[in-house]
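One structure is given below, encoded as structure tokens.
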Amino acid sequence: MNNAKFHKNAQLTYDFAGTSVIVIGASRGGIGTSIADTFAASGADVTITGVEAKALGTSLTYFQLDITDTVAVRAFAHHRECDVLVNCAAITKRGEEHAPDFFSHVLDVNLTGSFRCAAALHDAMKNGGRVINVASMYARFGSPRNPAYGASKAGIEQLTKSLAIAWAPDGIRVNAVAPGFIITEQSARAREDTAFTAAIEARTPLKRWGQPKDIAGAVLFLASDQSAFMTGATVPVDGGYSVV
């Protein structure tokens with residue numbers, strides 16, 4: 001089902017034909033949309049969710065879903081097929097996360113929301129399912145203007161480890177990716193700070209910000225049989241930023 005193939009241009013592609021993939025948080029473009037589109041291009045049957053009434057620029061099956069609503073998440077998951085779950089939904093507001101109520105809301109979406117979706121789809125993924133969570137390099141670095149986001153992503157790393165142990169007897173692998181600085185709508189506000197943008201590029205060994213497709217490739221690897229002996233891992237995809 002997940003046989004990797006090398007083409008003459010040396011790019012690794014995957015065959016996900018017959019695989020049911022759900023990407024939570026893929027309605028606004030960016031990382032989630034890129035992951036969903038890449039799975040679809042690899043033959044998967046892809047369902048995406050988001051908080052908007054409609055997803056922009058996609059023909060994939062879409063469900064409006066508030067992942068802070070446990071009842072709604074369970075209803076969405078009821079009798080649904082799922083071989084691969086990608087938890088990509090997240091919010092952040094640079095400079096506004098020191099307010100306790102908003103801090104709690106960020107954690108509810110980014111961390112508890114990911115757990116709600118995984119728990120609701122657990123039974124559907126038994127005997128071969130894969131969960132890929134989206135963490136962040138801010139799980140390991142301080143984030144003075146985004147403390148809730150950083151805390152939520154650190155929680156995602158720990159959740160990934162804990163579920164990997166708890167669900168291994170059920171045949172479910174749980175891993176995560178930790179993106180670095182990626183060009184998305186979510187990072188647009190930070191990228192308005194030219195000094196900040198230049199500092200990121202100067203520190204990053206690959207000397208650029210990442211693109212959403214850079215994350216999609218790592219996610220497909222973690223969903224494939226090429227990573228069959230991996231669980232509980234968080235893979236940094238940050239152009240080398242975290243090793244400097």
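Read-outs: derived from the displayed coordinates by stated rules, not from any lab. The structure presented is a predicted model; accordingly, all values stated were derived computationally and were not measured. Heads up, the Cβs are rebuilt from the backbone with ideal geometry, glycines too, and the neighbour counts pull from every protein chain shown.
Per-residue extension of 0.36 nm, minus the Cα-Cα distance of R145 and N127, leaves a gain of 2.3 nm for this segment. Taking 0.36 nm per residue of separation and subtracting the Cα-Cα distance, full extension of the segment from R189 to D170 would add 2.7 nm. The mean sequence distance of close C-alpha pairs (under 8 Å, at least 6 residues apart), as a share of the length of segment 4-234, puts its relative contact order at 20 percent.
Extension gain M230-K93, at 0.36 nm per residue separation less the Cα-Cα distance, in nm?
In short, 46.0 nm is gained.
Pull out a ≥ b ≥ c, the square roots of the eigenvalues of the alpha-carbon gyration tensor of segment 115-174, then state rounded if a/c is under 1.5, prolate if not and a/b is larger than b/c, and oblate in the remaining case. Taking the square roots of the gyration eigenvalues as a ≥ b ≥ c, segment 115-174 is prolate. Which residue, G128, G95, G210, tops the fluctuation ranking in a GNM of the chain built on C-alpha contacts under 10 Å? The residue with the greatest mean-square fluctuation here is G95.
For the peptides 165-175, 196-206, 113-123, the ranking by mean Cβ contacts within 10 Å, running from highest to lowest, is 113-123, 165-175, 196-206. Here's the list of aspartates and glutamates a cross-link from K54 could span, going by alpha-carbon distance under 16 Å and ignoring same-chain residues fewer than 8 apart: D66. Helical content alone sets the calculated 222 nm signal of the chain at -10000 deg cm²/dmol, taking -39,500 (n - 2.57) per DSSP H segment of four or more residues and averaging over every residue. Enumerate the residues in segment 37-53 having an amide nitrogen under 18 Å from the point lying 7 Å beyond the Cα of H79 toward its Cβ. Answer for segment 37-53: none. In the structure shown, the pairs K93/K153; K93/K213; K93/K161 are assessed against 25 Å; a Cα-Cα span above that value is assigned to K93/K161. With the simple spin-label model, which puts each label point 7 Å out from Cα in the Cβ direction, the A198 to V71 separation comes to 5.4 nm. Listed by chain and number, the aspartates and glutamates placed with their C-alpha closer than 15 angstrom to that of K126 are E81, D83, D170; residues fewer than eight positions away on the same chain are left out.
Report D for segment 168-219 in µm² per second (integer): Stokes-Einstein, Kirkwood Rh on Cα pairs, 37 °C, 0.692 mPa s. For these conditions, the coefficient is 255 µm²/s. The shape of segment 48-174 comes out oblate: with a ≥ b ≥ c from the C-alpha gyration tensor, a/c is at least 1.5 while a/b does not beat b/c. Assuming 1.002 mPa s and 20 °C, estimate D for the chain with Stokes-Einstein, Rh taken as the Kirkwood radius over Cα pairs, in µm²/s. Answer, rounded: 118 µm²/s.
Less than 5 angstrom separates the built amide H of I182 from those of G210, all sequence-distant by 5 or more or on a different chain. Arranged from fewest to most other beta-carbon atoms within 10 Å of their beta carbon, R189, R94 become R189, R94. Highest-first packing order for the peptide set 18-29, 46-57 is 18-29, 46-57, based on the mean count of other beta carbon atoms within 10 Å.
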